[in-house]
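Have a look at the structure below, then the notes.
Rule-based calculations on the coordinates, nothing more; no lab input. A quick note: this is a predicted structure, and the numbers were derived from the prediction, not measured. FYI the Cβ positions are ideal-geometry reconstructions off the backbone, even for glycines, and counts take in every protein chain you see.
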Amino acid sequence: MSTSRVITWEVSESKGLETAWIEFDGEALRARGRAVGTTPEPYWISYALDTTDGFVTRRLLVEAATARGTRVLDLRHDGEGRWTTNGERVSQVDGALDCDLGLCPLTNTMPVLRHGLHRAPGEREFVMAWVAVPELTVEPSRQTYTHLGRGLVRFTSGDFRSDLVFDADGCVVDYPGLAARLTSA
């Protein structure tokens, strides 16, 4: 069964806003979003995200515009654990299942949904293909997600820690220090 959502977040970390149009289809999602921020510099982002079954990233296409110009990133996962950016191998993120678009609360959804961490006890450690915004560089990021209670998941990466609130669909409602939902439909 397919369901659609539109969510807007106030992104405090970037002093901006993000809206995502999300379609859930079984254990896959497709989303397109737009974000505007003023930190670390004024930028506009447009993105399209596609996952396969199990909420594994298949492709993240991002366009970032700043005063310095426009950059495009086409990040692809081959389903075998290998990644490319704009057609070039990115071996340092091999083995990752997910992308993590910087300053984007939507990309926390995939690992949480895959393991039901917003609903049931558990802790999982991941390596993510982390995309810096607005530079659109890709690097590995070790992240741990820990179920704390229904709809509450602790996110840890290095010295950073935040207790995220998720709705029943696995979408971020509140990400203290990063973003808070303004609207949802």
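Points to keep in mind about this one:
- Grouping the Cα pair distances of segment 64-185 into 10 Å bins from zero gives a pair-distance distribution of 13, 41, 33, 12, 1 percent in increasing distance order.
- Relative contact order of the chain, defined on C-alpha pairs under 8 angstrom at six or more residues apart (%): 18
- Lys, Arg +1 and Asp, Glu -1 on Cβ, resulting dipole of the chain about Cα centre, debye, nearest 20: 160
- Toward the positive end of the charge dipole of segment 1-86, with +1 on the Cβ of Lys and Arg and -1 on the Cβ of Asp and Glu, the farthest Cα among Thr19, Gly54, Asn86 is that of Asn86.
- With N as its number of residues, segment 123-181 has a Cα radius of gyration that, divided by 2.2 N^0.38 Å, comes to 1.18.
- Dipole-positive endmost among Pro134, Ser184, Leu75 within the chain (Cβ charges, Cα centre): Ser184
- Packing, taken as the mean count of other beta carbons within 10 Å per residue, orders the peptides 139-152, 106-119, 44-57 from highest to lowest as 106-119, 44-57, 139-152.
- Helix-only arithmetic for the chain: the sum of -39500 (n - 2.57) across DSSP H runs with n ≥ 4, divided by the residue total, places the mean residue ellipticity at 222 nm at -1000 deg cm²/dmol.
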